[in-house]
Amino acid sequence: MSQQPPRSSQPGSDQPRPVIQPQPGIMEIALYQAGAATLSGRSDVLKLSSNENPFGASDKTREAVARAAHSMHRYPPTDHLRLRTAIAEAHGLDPDRIICGVGSDEIIHFLCQAYAGPGTEVLFTEHGFLMYRISALAAGATPIAAPERERTTDIDALIAAATDKTRLIFVANPNNPTGTMVTEDELARLAHAVPQALLVIDGAYAEYVSPDFDGGAGLVERLPNVVMTRTFSKIYGLGGLRVGWAYAAREIIDVLNRIRGPFNLSSLALEGAEAAVRDHAHLDHSRSENARLRDWLAAALAERGVPSDPSFANFILARFEDAATAAACDAMLRGEGIIVRLVGGYGLPDCLRITIGDEASCRRVAHVIGQFMAGRAAVAT
Ligand SMILES: *Cc1c(COP(=O)(O)O)cnc(C)c1O
């Protein structure tokens with residue numbers, strides 16, 4: 001019996017390369033960089049880089065997920081009826097016009113897969129959420145970024161950038177990473193001006209705006225080409241559970257349901273999200289604490305020479321003199337065990353996005369940035 005030498009598995013060796021190529025656009029996708037979670041050699045890391053709720057999920061949500069663990073050998077329901085009904089009750093919507101996804105990321109993906117493709121364009125703003133570009137490219141469509149005005153969505157620039165190839169326009173309102181927002185009238189004007197496209201209003205931070213802000217649901221009721229997406233990842237504190245949803249015309253929901261995997265949401269996710277949307281106390285507490293601490297942190301940083309735009313979300317975008325200063329401040333924060341988000345990838349290299357944590361966290365981050373700015377002032381004089 002002749003012995004074969006073991007095949008080399010070193011990359012770049014004589015291994016055969018796959019001949020089959022991916023669809024056009026796929027290799028242009030830059031891998032999404034999530035907010036960092038750890039710093040080597042530290043156990044007391046304060047993570048303010050992913051806009052997570054500092055209070056976590058509500059007790060009722062945790063209990064519901066624990067209960068659901070007893071039946072996780074069963075397949076989950078495919079129609080999500082109980083969750084859709086709970087969402088509809090909480091927001092005063094029609095449950096038949098709701099679709100649930102594995103985070104709103106999956107819904108963004110469904111929209112691009114269903115409505116965009118080679119030869120079409122997907123429009124968003126200069127500092128828009130990175131998933132819009134990724135999902136557009138994954139569908140083979142051409143992503144187009146329109147300029148913003150002073151880090152705020154510019155409706156006229158979006159209208160000017162729209163063409164007869166535009167199929168989808170994504171506007172996060174409030175936007176991430178800027179925290180700024182535009183009015184419902186402005187969004188209606190955009191939807192009217194570009195009737196050949198669907199306007200997707202991403203309401204990931206809608207609950208933070210005010211108790212009565214509808215995130216764009218009213219526009220969905222009035223205009224046939226508006227879709228609203230929402231998530232359980234932010235104010236509900238369920239980023240790890242992966243649940244999002246969208247509200248749209250029945251015809252659009254029907255289209256999206258055809259490409260949705262029948263078991264896309266696990267039974268744990270369904271039970272947890274239903275308990276979360278029924279728990280108004282946790283929602284109200286998270287919203288009011290966020291508003292109080294966001295105002296405090298913005299004022300504290302402004303006093304130390306670090307301005308930010310008025311934010312309607314659960315983070316602020318701290319602005320520095322230039323990119324080098326923002327990077328130096330980030331390095332000092334890391335040295336103190338605090339992780340915030342560098343947003344050069346969003347075209348904002350002179351800024352740091354800081355999630356609003358609990359009170360102790362806000363004080364800690366303000367203290368370190370204050371020390372950083374004082375150190376710079378001392379060098380300058
Ligand atoms: C966080 C975020 C989402 C939510 O994504 P999920 O997939 O639901 O976790 C959507 N849009 C924007 C703008 C976000 O910042």
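For region 189-326, the share of DSSP beta bridges that are antiparallel, to the nearest 5, is 55%. Helical runs (DSSP H, four residues minimum) scored at -39500 (n - 2.57) apiece and divided by the length of the chain put the mean residue ellipticity at 222 nm at -12000 deg cm²/dmol. Taking a ≥ b ≥ c as the square roots of the eigenvalues of the Cα gyration tensor, the chain is classed as rounded, since a/c falls below 1.5. Contact order, relative form, for region 59-278: 28 percent (alpha carbon pairs under 8 Å, 6 or more residues apart, mean separation divided by residue count). Given Cα pairs under 8 Å that are at least 6 residues apart, what percent is the relative contact order of the chain? Averaging sequence separation for qualifying contacts and normalising by length gives 22 percent for the chain.
Considering only beta bridges that DSSP places wholly inside region 59-278, some 35 percent are antiparallel.
Averaging the Cα positions of each part gives two centres, and for region 242-302 and region 303-362 these lie 24 Å apart. Put the Cα centre of region 143-185 next to the Cα centre of region 73-100 and the gap is 30 Å. Ser71 contributes an accessible area of around 50 Å² to the protein surface, as traced by a 1.4 Å probe with all chains present.
Could you give the size of the charge dipole of the chain about its Cα centre, using +1 on the Cβ of each K and R and -1 on the Cβ of each D and E, expressed in debye and rounded to the nearest 20?
1040 debye
Annotation: amide H of Ile338 within the under-5 Å range of Leu46, sequence separation 5 or more or interchain, hydrogens built in the peptide plane. Across region 282-352, Cα pairs under 8 Å and at least six residues apart give a relative contact order of 24 percent. Solvent-accessible area of region 262-381 (1.4 angstrom probe, protein heavy atoms only): carbon and sulfur portion equals 58 percent. Taking amide H as placed 1.01 Å from N in the peptide plane, Thr231 has its amide H under 5 Å from the amide H of Trp245, each at least 5 places away in sequence or on another chain. Anisotropy class assigned to region 141-263 is oblate, per the alpha carbon gyration tensor with a/c at or over the 1.5 cut-off and a/b no larger than b/c. If you count only protein heavy atoms and use a 1.4 Å probe, how large is the accessible surface of His70, to the nearest 10 Å²? Estimated to the nearest 10 Å², His70 gives 150 Å².
Of all DSSP-defined beta bridges confined to the chain, some 45% are antiparallel rather than parallel.
The charge dipole of region 245-288, taken about the Cα centre with unit charges on the Cβ atoms of Lys, Arg (+1) and Asp, Glu (-1), comes to about 140 debye, rounded to the nearest 20.
Label region 59-278 by shape, choosing from rounded, prolate and oblate, from the square roots a ≥ b ≥ c of the eigenvalues of the Cα gyration tensor; if a/c is under 1.5 it is rounded, and otherwise prolate applies when a/b is larger than b/c, oblate when it is not. In terms of gyration-tensor shape, prolate. Computed 3J(HN,Hα) for region 287-297, one whole-Hz value per residue from the Karplus formula 6.51 cos²θ - 1.76 cosθ + 1.60 where θ = phi - 60°, is 5, 6, 5, 4, 4, 4, 6, 5, 4, 4, 5, glycine and proline marked x.
Placing +1 on the Cβ of every Lys and Arg and -1 on the Cβ of every Asp and Glu, with no other charges, gives region 59-278 a dipole of roughly 740 debye about its Cα centre.
Our coupling estimate for region 311-327, obtained by passing each phi through the Karplus curve with A = 6.51, B = -1.76, C = 1.60 and θ = phi - 60°, is 9, 10, 10, 9, 7, 10, 9, 7, 10, 10, 4, 7, 5, 5, 5, 4, 5 Hz, Gly and Pro reported as x. Accessible-area rank, largest first, for Lys234, Lys165, Lys60: Lys60, Lys165, Lys234, with all protein chains present and a 1.4 angstrom probe.
The residues of the chain expose on average 47 square angstrom of accessible surface per residue, using a 1.4 Å probe on protein heavy atoms. Here's how it looks for Val200: its modeled amide H is under 5 Å from those of Ile169, Phe170, Val171, Val227, which are all 5 or more places away or on a different chain. Listed values for region 177-183 are Karplus-derived 3J(HN,Hα) couplings in whole Hz (6.51 cos²θ - 1.76 cosθ + 1.60, θ = phi - 60°), namely x, 7, x, 7, 8, 10, 7, and x replaces Gly and Pro.
The values are calculated or read from the model by the stated rules, or taken from the named source; none is laboratory data. Remember, it's a predicted structure, so these values are computed and weren't measured experimentally. All Cβ positions, glycine included, derive from the backbone under ideal geometry; neighbour counts span all protein chains shown. Note: accessible area is taken over every heavy atom of the protein model, side chains too, but ligands, DNA and RNA are not part of it. Shrake-Rupley method; radii C 1.70, N 1.55, O 1.52, S 1.80 Å.
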